[in-house]
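Have a look at the structure below, then the notes.
The values are calculated or read from the model by the stated rules, or taken from the named source; none is laboratory data. Quick caveat, the model's predicted, so the values are computed rather than measured. Note that each Cβ is placed from the backbone with ideal geometry, even for glycine, and that neighbours are counted across all protein chains shown. Areas reflect the complete protein model, heavy atoms only, side chains present, ligands, DNA and RNA absent. Shrake-Rupley method; radii C 1.70, N 1.55, O 1.52, S 1.80 Å.
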Amino acid sequence: LGWGPGVFVFRMSLYGREAMAFFDKLKEADAGNGKCVDCGANSPLWASLSYGTYFCLECSGVHRNLGVHISFVRSLNMDSWSEQQQQRMTCGGNTAFRQYLRQCGMPEELQSGGGQFAGCESQAEGAIRQKYNTRSAAAYRAWLAERSRGEGGAPAPPSVPYEPPPPPPKK
């Protein structure tokens with residue numbers, strides 16, 4: 001891992017301490033990465049490659065249940081991180097994702113794990129399910145994928161107005 005003039009220099013693959021040193025640098029660049037993007041818990045050790053965001057153990061379980069097509073979950077210190085994955089995390093960040101969702105008009109209670117959501121075990125689970133099953137989240141996910149591959153020229157994701165997803169089917 002190295003720091004260039006404002007740019008990260010990627011190694012082939014990072015694991016363990018090397019990976020944590022990389023993520024510490026990203027946390028220095030964006031203090032928002034030091035808290036769970038979904039509930040605000042300190043020192044998250046899990047990430048979504050889909051959004052370039054960081055979250056706690058409890059929220060990681062909800063992300064895993066969303067499916068890899070919505071949120072591809074990795075452990076910061078137990079998984080290895082390829083150059084492409086490092087690039088994706090560098091292009092993302094909790095602060096950028098939260099700012100984007102605010103710009104789209106997503107209610108604050110969805111961003112902070114609050115509110116009441118039918119059919120969910122916890123408020124946090126309901127907020128996470130609603131937040132990531134929106135057109136706004138899908139647009140950010142697609143933009144981040146293109147940006148991390150060096151495709152497209154859009155410096156910011158397209159603003160897609162927030163619309164709540166349809167309620168889950170009754171069991």
Q | Under 14 Å from LYS35, Cα to Cα: aspartates and glutamates that are on another chain or at least 8 residues apart | A | ASP24, GLU58
Q) Which order do HIS69, HIS63 take by accessible area at a 1.4 Å probe, largest first? A) HIS69, HIS63
Q: Would you tell me the accessible area of LEU45, worked out with a 1.4 angstrom probe on the heavy atoms of the protein chains, in Å² to the nearest 10?
A: 70
Q: Evaluate the charge dipole of the stretch 40-113 about its Cα centre and quote only its size in Debye, nearest 20, assuming +1 on the Cβ of each Lys and Arg and -1 on the Cβ of each Asp and Glu.
A: 100
(Q) Can you give me the solvent accessible area of GLU109 with a 1.4 Å probe, rounded to the nearest 10 Å²? (A) 90
Q: Net charge near SER48: determine it from the other residues with C-beta under 12 Å of the C-beta of SER48, scoring Lys and Arg +1 and Asp and Glu -1.
A: +4
(Q) Below 11 angstrom from the Cβ of THR134, what's the summed charge of the other residues (Lys, Arg +1; Asp, Glu -1)? (A) +3
Q. Which one of LEU101, PRO44, HIS63 has its Cα pushed farthest toward the positive end of the charge dipole of the stretch 10-151, where Lys and Arg give +1 and Asp and Glu give -1 at the Cβ?
A. LEU101
Q. Hey, if we sort THR95, THR53 by accessible area with the 1.4 Å probe, largest down, what's the order?
A. THR95, THR53
